[in-house]
Amino acid sequence: MKYDITVENQGNIDAYLNNIQTNTSDNEAIIFETSGIKEGDALLKGSTDVLTVIVRYNSNITSQPGNLNSSITVTLDYAQSDGSHVSGVDGPSIGGQNVEVVTTGDGLYEDSTRPGRYVYKGANPNNYITFNNETWRIVAKEADGTYKIVRNELLPEEMPFDERGYRDSGSNGAGGTYCANSSYGCNAWAANTNLVGSPAEFTNTTQTGTVLLDSTLNTYLNTTYLDSIKANADKIVSYNWGVGATYTAASWEDGDEDPSEFVAEESAYLWNGKVGLLSSSDVHLSVSNEEYNYLVIPGKYWWLVSPYTGNSRTVRGVYDTNFNDTGYAYSPRCVRPAIYLTSSISLSGSGTSSNPYKIM
């Protein structure tokens, strides 16, 4: 039998687990095991974590025991966090394993744009994870403990972000007014009604109007593609994705962009769903101060979820080391799905390409 016990920090101060004590009654026929929450794990204000208790028979017992009862008491001793590392702990927990936070080179960094969030940076950090029997990469651990991951390989077929005539001027008004003057597809990820708060209109700062349909790529990823995920599909959580339009006039190599500006622009509109794409801030935050980034696929152009601010027809994308490229929404481009995994997962492995993290 397995019991998942949710622990919630209902206060307004971050905490960490100072000590965990497990006491069981004396019955050799029944074995208790705990997993999930570990000593040193942070429990941020307003967040939750999960302790899993597993009860099993002792396989070494070959006859019916006289004592049929057993009990367990687990005591979680939390302390107020002062923001420093817990003694004996090198960094935050990634699926139950403590990972060191670095400031140079490849590895896990503190996110400079959002407190309590961590991002992987560099040419080839140890952020490989097996999901759906495929290789993915952990992009970030969110402040609430969820994990943002992206498929390491591109999907086999290129696809438009939005098919021509579906939401633009060729839709006869079915797509709304935002893209009514475009004949190159529409760069909005989701319909107004599917955005958090259901705003009446969508704006990229230069154009404003109604969006009545999700993009064709959004629809595909959250129906056909989502249905194709067979392994660990229950670990995917619905999440708020920043889908607001972003602007920058320089290449990332110039070092002129402030990722917090991208985050602010993206957060102007939020879409809640299960399968999405990486955003402008994701790729900019993945560049370390020494190396360029593990997300680059030489010679390939792949879509981001971020519209361009200058018009309603072009979408941000990544081409080689150019993270600010744009393309017409109707153009076929490569696709790298991204998802969020629940904070309660436990991982084995070390995150390397030869020994990737695996969901236990």
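The values are calculated or read from the model by the stated rules, or taken from the named source; none is laboratory data. Keep in mind that this is a model prediction, so the values were computed, not measured. Cβ atoms come from the backbone with ideal geometry, glycine included; neighbour counts cover every protein chain shown. Accessible surface is based on the protein model in full, side chains and every heavy atom, while ligands, DNA and RNA are left aside. Shrake-Rupley method; radii C 1.70, N 1.55, O 1.52, S 1.80 Å.
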Legend entry - log₁₀ of I(q)/I(0) at q = 0.10, 0.21 Å⁻¹ - segment 187-319, Debye sum with one point per alpha carbon: -0.34, -1.33
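Using per-residue counts of other Cβ atoms within 10 Å, averaged over each peptide, order 212-221, 49-58 from highest down.
On the way: 212-221: 21.8, 49-58: 15.0.
Going by the mean number of other Cβ atoms within 10 Å, highest first, we get 212-221, 49-58.
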Inset, instruction - For segment 102-157, just list the percent of Cα-Cα distances falling in each 5 Å bin from zero outward, please. - result: 5, 20, 25, 22, 17, 8, 3, 1
Legend entry - Cα Rg, Dmax (largest Cα-Cα span) when computed across segment 1-41, Å: 13.6, 43
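If we sort 348-355, 96-103 on the protection proxy, mean other Cβ atoms within 10 Å, highest first, what's the order? Don't skip to the end; give the middle numbers.
On the way: 348-355: 13.6, 96-103: 15.5.
Final packing ranking: 96-103, 348-355.
Which percent of the accessible area of segment 264-331 is formed by carbon and sulfur heavy atoms (probe 1.4 angstrom)? Mind showing how you got there, number by number?
Numbers: 920 of 2160 Å².
So the carbon and sulfur contribution to the accessible surface is 42 percent.
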Inset, instruction - Grab every C-alpha pair in the chain, bin the distances at 10 angstrom width from 0 up to the longest one, and report whole percents. - result: 5, 22, 29, 22, 12, 6, 3, 0
Legend entry - Rg to Rh, two decimals, where segment 28-173 supplies the alpha carbon set and Rh follows Kirkwood: 1.15
Inset, instruction - Return one whole number: the accessible area per residue of segment 218-360 in Å², for a 1.4 Å probe. - result: 38 Å²
Inset, instruction - Would you work out the charge dipole size for the chain about its Cα centre, treating the Cβ of every Lys and Arg as +1 and the Cβ of every Asp and Glu as -1, and quote it to the nearest 20 debye? - result: 1000 debye
Inset, instruction - Measure of size requested: the Rg and Dmax of segment 19-73, with Cα atoms as the atom set and Å as the unit; please supply both. - result: 14.9, 48
Inset, instruction - Name all residues of segment 204-239 having a backbone nitrogen under 14 Å from the label point set 7 Å from the Cα of L155 along its Cα→Cβ direction, giving them as ranges. - result: 215-229
Legend entry - Free-standing Cys, the chain [no other Cys Cβ under 4.7 Å]: C334
Legend entry - Among 292-304, 61-73, 23-35, 234-246, the order from most to least packed when residues are scored by Cβ within 10 Å on average: 234-246, 292-304, 23-35, 61-73
